[in-house]
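The values are calculated or read from the model by the stated rules, or taken from the named source; none is laboratory data. Predicted, not measured: the structure shown is a model, and the values here were computed from it. Neighbour counts run over all protein chains shown; Cβ positions are idealised from the backbone, glycine included.
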Amino acid sequence: MYAAKNLHAARWELVAFYQHAAEADVPELNRLAKTVSTWETEILNYHVTGISNGTNRGPEPHRREASKDRTRDAQLRELSAQVVAPLGRDMEHSINCSNQRPPPTPHGVKPSYQGEFRRSSQRTGHDDRATPSDDRWNSPAKLVRMRAYLGKVYEHALRALPPGVAGRVDLLWPSYRDSWGGPLNGQVLRQEIVRDLAGAIQFDRVIETGTYRGTSTEFFAKVFDLPVETIEANRRYFSYSSRRLRTRPEVSVAFGDSRPFLSRLAKAHAHQTVFIYLDAHWAEDLPLAEELGVIAGGWLRAVVMIDDFQVPGDPGYGYDDYGEGKVLSEEYLPGNGLRGWGIFYPSASAFNETGSKRGSVVLASPSLVEAVDALAQLQAGRVL
Ligand SMILES: C[S@@+](CC[C@H](N)C(=O)[O-])C[C@H]1O[C@@H](n2cnc3c(N)ncnc32)[C@H](O)[C@@H]1O
């Protein structure tokens, strides 16, 4: 709140915080939200008087725990975005981005925490704190309820449609273009790493597994200016992304499973230097080990970036854990297949990262270890 650039922006931060607290429905968070609500006038006054009772430290490190269920997480974000979109692009942005930046503010935003009230009113169906003058902007709890409801209706309605058609309908929602908060989960430092790699190594081709909405795909197309091949196993996302990206002739969106897709590409382009972004981890079926096997056997010159990977020594970065033997961490890497490959992690602490703060690892084939090692944004781990 203190880091917001003005009073209106701080109010929006409060709205977003209350929404988050109400959605999470965790007793401790509810208590914190109520306390903040009690002191909100004093907190917001900082932007009028410049005086606070605490230090202005800017945004706190956002710690995101390993998520086993990214599908649900993604759907939540999407539903938020869908329902908030009609209420204003700025609000939508504020909810969709994890590193919420203060959007331009409509007048009359009056944040107050109503998470507990939300639950009691669900039981009674009666809004006992609402006044006739309440409007949609000054009741975050109403917004959350309406969002959840409309989101469910939208999903339900679209499930009745063939996935290809649903994907086309999804194109009507501009917020979907920035899924996960923007390219590479909205992580600016990660984007820097990719730019550095693109500048340091002469790649011939970019390959991505797990297209989803094509947000990172589009980023790769812009940064590398090379052929980009991406694969998506879900028809609705494939339908969406292939249409979204059809104005980019250098991008090819395929439908299917990432493993045969990589095998095909490895056969066709074995001699090329490739940048590969592995992000097709989503549910029970974790293709990562097999994807790495295909890559290690298929290319001599490759740099692989894996999303949602544990960064040793920095718990601020989130990573995926799909159960025993399926934790995305260094132990998961097939030592034999990747012998001689270098492991690199982000040099920057998660504290300084933006967006979802998901961890990542970069693997460099033996012939490219030296080039990757020269990049300041990456720190060398061990050689496999
Ligand atoms: C985390 S999302 C990808 C996000 C995307 N790379 C981005 O940065 O915006 C994972 C996607 O992988 C897809 N997926 C899961 N398993 C797959 C597989 N075996 N082959 C291809 N795609 C898969 C899912 O349907 C989902 O859309």
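Table for the structure above
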| quantity | calculated |
| --- | --- |
| Output for the range 318-333, where each listed residue is surrounded by 15 or more Cβ atoms within 10 Å (Cβ to Cβ) and out of contact with any Pro (no Cβ under 9 Å at 6 or more places or on another chain) | GLY318, TYR319, ASP320, ASP321, TYR322, LYS326, VAL327, LEU328, TYR332, LEU333 |
| Pair list, Cβ under 6 Å, 6 or more apart: the range 215-242 residue within 21 Å of GLU155 (Cα to Cα) and assigned by TED's automatic domain parsing to the domain that holds GLY355, other residue aliphatic (A, V, I, L, M) and at pLDDT 95 or above | SER241/VAL253; SER242/VAL253 |
| Candidates ARG259, ARG264 - the one that is more than 11 Å from the ligand (Cβ to nearest atom), farther than 21 Å from ALA200 by Cα and more than 23 Å from the chain's Cα centre (by Cα) | ARG264 |
| Residue list for the range 193-221, restricted to those being within 19 Å of SER360 (Cα to Cα), part of a strand (DSSP E or B) and either more than 16 Å from the ligand (Cβ to nearest atom) or not hydroxyl-bearing (Ser, Thr, Tyr) (or both) | VAL206, ILE207, GLU208 |
| Residue within the range 150-161 that is within 26 Å of ASP308 (Cβ to Cβ) and not assigned by TED's automatic domain parsing to the domain that holds ILE276 present | yes |
| VAL327 being modelled with pLDDT under 95, among the β-branched types (Val, Ile, Thr) and under 21 Å from the mean Cα position of the chain (by Cα) | yes |
| Filtered residue count, the range 338-359, keeping only those that are over 19 Å from the mean Cα position of the chain (by Cα), part of a loop (DSSP other than H, G, I, E, B) and over 20 Å from ALA280 (Cα atoms) | 4 |
| Close pairs (6 angstrom Cβ cut-off, 6 or more residues apart or separate chains): free of Cβ contacts under 8 Å to residues at least 40 places away in the same chain in the range 193-213, among the hydrophobic types (A, V, I, L, M, F, W, C) and more than 6 Å from the ligand (Cβ to nearest atom) anywhere | ARG195/VAL223 |
| Filter result for the condition that a residue is modelled with pLDDT of 95 or more and touching a Gly at 6+ places or on another chain (Cβ under 8 Å), over SER252, SER241, SER216 | SER241 |
| Single match in ALA233, ALA270 (criterion: away from the ligand (no atom under 11 Å from the Cβ) and of a type in the set (A, V, I, L, M)) | ALA270 |
| Matching option when the condition is closer than 19 Å to PHE203 by Cα and either crowded, with 23+ Cβ neighbours inside 10 Å or away from the ligand (no atom under 16 Å from the Cβ) (or both), among LEU300, LEU338 | LEU300 |
| Test: residue in the range 327-339 that is polar (S, T, N, Q), in contact with a Phe, Trp or Tyr (Cβ under 8 Å, 6 or more places away or on another chain) and closer than 25 Å to PRO227 by Cα | no |
| Selection from the range 315-334 of residues that are part of a loop (DSSP other than H, G, I, E, B) and more than 14 Å from GLY381 (Cα to Cα) | PRO315, GLY316, TYR317, TYR319, ASP320, TYR322, GLY323, GLU324, GLY325, LYS326, LEU328, PRO334 |
| Pairs, first in a loop (DSSP other than H, G, I, E, B) in the range 282-295, second charged (D, E, K, R), C-beta under 8 Å, six or more apart | TRP282/ARG70; LEU286/LYS326; PRO287/ASP257; PRO287/ARG259 |
| Of all residues making up the range 330-375, the number that are touching a strand residue (DSSP E or B) at 6+ places or on another chain (Cβ under 7 Å) and at positive phi | 2 |
